[in-house]
1. For segment 67-73, take each phi angle, set θ = phi - 60°, evaluate the Karplus expression 6.51 cos²θ - 1.76 cosθ + 1.60, and give the result in whole Hz per residue in order, putting x for glycine and proline.
2. For T96 and R223, calculate 0.36 nm times their separation in residues minus their Cα-Cα distance, and state this gained length in nm to one decimal.
3. Using θ = phi - 60° and the Karplus relation 6.51 cos²θ - 1.76 cosθ + 1.60, list the HN-Hα couplings for segment 205-213 in order, rounded to whole Hz, with x at every Gly or Pro.
4. Percent relative contact order of the chain, based on C-alpha pairs within less than 8 angstrom and at least six residues apart?
5. In nm, to one decimal, how far is the K253 label point from the Y115 one, both placed 7 Å along Cα→Cβ?
6. What residues qualify as long-range amide H neighbours of G133, i.e. H under 5 Å apart, gap of 5 or more or another chain, H built at 1.01 Å from N?
7. What dipole magnitude, in Debye to the nearest 20, does segment 75-184 give about its Cα centre under +1 on Lys/Arg Cβ and -1 on Asp/Glu Cβ?
8. Using a basic spin-label model with each label point 7 Å from the Cα along Cα→Cβ, how many nm lie between Y143 and E233?
Amino acid sequence: MESLLLPQEKFNEKRAGSLVGTITAVSEYLRLLYALIGKCRDSSRSGTSQGFSANSPYGICTSCNGTETVIDIDPARMIASELSLKHGAVLLWAGTICAPVFKIKALAKMIGIDYEKPLAEQDRRFMDILLYGYKNDPVSYVYKKKQATSFYRGCVADLRYMRDAGTKSKGNLRAIRFFSKQVQCAACNGSKMAPEIIATTIQGQSIVDTLRLPIQELLLFIRGLPHSLDVHELKVSSQVKDEIELRLVYLNKIGLKSLMIHEGDKA
């Protein structure tokens, strides 16, 4: 673990240097602290200490490559609720005569959607079903004079399937571009960290949790650590804990009590 120690001199508030540098150092030392004494709450995952090395590329969310966002399908654009199904409310298939159109018509009859009435004037759950699918029963429909029966998986899943299958159809690619937007990465919830990193905890708190504590609360968390650590954990983490505490005391002292090291939605 000695190789994980960060090459930084001991903090001195009289020459604290860049404020951003001080805040960033807290984040780096927290990663090191989790590498030294973190416990994985998911027994199916292997050790993650190297993932917390501040100078290591490991531990970054592979879904978004550490950017917090990904390009994904935007459900909000896929239903024109002011239209009826007859007039193309499901925009993905509007104006086409492909199999999903016939399946949706059969689905509407099966679950009670009025095919000729605007969706905005009907039960809100119908729009959710059209977007995300209907799992209760399979839908029977006729397409090109052939009987077919299958579950309706929803237009969001339909478009994702085409995208992930590597469709070459110009029409499909145009639809994928139109219905996509940049969204927060679902794999890391905007934390930029891999799931195995998020699964590692100290006192039940993941590093994402601690990075989103206000400075004042984070200081209390760090100061309370010695009461929950065993002799070995105290020995290997005391230096890192002290470095974090020195910086947090300084940040708290100058008035940054409510600042979070990393803001964002809870993971």
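1. Result, ordered by residue: 9, 6, 10, 9, 8, 9, 5 Hz.
2. 39.3 nm
3. Whole-Hz 3J(HN,Hα) from phi for segment 205-213: 9, 7, 5, 5, 4, 6, 5, 9, 7.
4. Averaging sequence separation for qualifying contacts and normalising by length gives 26 percent for the chain.
5. If labels sit at K253 and Y115, their model points lie 7.5 nm apart.
6. G154, C155
7. Once rounded to the nearest 20, the dipole reads 560 debye.
8. 5.6
Each value in this text was obtained by applying a stated rule to the coordinates, not by laboratory testing. A quick note: this is a predicted structure, and the numbers were derived from the prediction, not measured. Glycine gets a Cβ as well: all are built from the backbone with ideal geometry, and neighbour counts include every protein chain shown.
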